[in-house]
Amino acid sequence: MKKTVVAACLGLGAVLVLNNGCVSTGGSAMETHTKGIESVTEEEYVVTKKPVDRHYIGYVWSKQFGPVEDTNNPVEIRVKKERSFKGVQQDFAFNVGLALGARPVAAPVMGEAGIQGGSVEKSKLEGLEIITPVNIADVPFEPDYNYITEALRLSNFRIGDEKSNKASIGVTAGSVAGSGTAVAEAGSSARRGTEGEGLVVAYRLQTIDKGSYIKKDSGFVPLQLDKNIDLPAGNVVVRSRLQTIEPGAGKSLPRNVLWACARANAMSRDMLAAWLVEVKPLDPKRKTLTIAFPAFPKVEECQNYSGVIFSRIDPLTDRIIRQKVGITVIDAEVNDVLKPTAFDARVTVSDESFKIKTVTPADL
């Protein structure tokens, strides 16, 4: 039986997987990398322009800019990491990593470019992780946008010289740190930058199947301070109030309150009063959500909130079912003694259900 040997051809040479020997072609590493894409699992993955050490799960994908980060509404999704034992995925991610200039963590002892077949297979087996959301229903899908729902990560690879596109390969692959199955972490900003051990080389993109999209909206309903507002269409009760904040005096915000914007969250320690909007589901299995808007000091650009308050997957229909709330504060003022002088706000609750589909590189 022939042994498979992976040959690393430096500079502008192509990285190929052959039965015997090393072949150098006139194509660039990016051309080789592109050819590798065409044959992998029916083109299910979109390849990064360069390896990165952030997974960006849940982010919107732009054809021109890649993952798009919204600083006002940061994406925080719990993810899980699992090893891939699929040969096609391993070959694809391994070769793409080499073509983009990545290399195994362990450097060659004598600077030789070339690795034993057994070392290659060991590196692939230990090194490839698939990062996905713990609950894909947490991805903030919106119609017409593509979202990152899976990342292929080479956990024992790194970029040795970011400016060079040479693939320098060690004799053996280093041990994998933190590559256990189903390891959960929150958000995608735990690892930053474009250099480091553990590199994402490809994404799976998914979008709402618009033919399956169903939405029911309650319309905007006025809020009144200290009064319950029933929204039968959403099966929720909404109540708003003004909360003064006096540290040490027993007057503080409820736990797990969500600030309506990132700036308000950053200023929360200096906040003396806040408008609280409590969304309470009538279903006892669901949790109450409290959204806070700055009352004093006032933050002009923090008067709108939109977010998912409930989401799940229906296993019988393969549909994502979720409920969203939107709140707009039109006018809200307090006087010098932090008493309300004006409050005009609207709330809307919408129920959505839809299926999702994979976006291939040819669709972009």
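Details
- The order of Ser252, Ser218, going from fewest to most other C-beta atoms within 10 Å of their C-beta, is Ser252, Ser218.
- Restraint check, Lys80/Lys355; Lys81/Lys285; Lys49/Lys355, Cα-Cα greater than 24 Å: Lys81/Lys285; Lys49/Lys355
- Of Leu225, Leu205, Leu242, Leu154, the sequence from fewest to most neighbouring Cβ atoms within 10 angstrom is Leu225, Leu242, Leu205, Leu154.
- Semi-axis lengths (Å, descending) of the ellipsoid that matches the C-alpha gyration tensor of segment 212-356: 30, 15, 14
- From phi via Karplus (6.51, -1.76, 1.60), per-residue ³J(HN,Hα) for segment 353-364 in Hz, x at Gly/Pro: 8, 6, 9, 10, 9, 7, 9, 8, x, 5, 7, 7
- Least to most buried among Arg153, Arg263 (fewest other Cβ within 10 Å first): Arg263, Arg153
- Lys, Arg +1 and Asp, Glu -1 on Cβ, resulting dipole of segment 212-356 about Cα centre, debye, nearest 20: 560 debye
Bear in mind these aren't lab numbers, they're just calculated from the coordinates by the rules spelled out. Predicted model, so just to flag it, every value in this text is computed and none were measured. Reconstructed Cβ throughout: ideal geometry from the backbone, glycine too, with neighbour counts over all protein chains shown.
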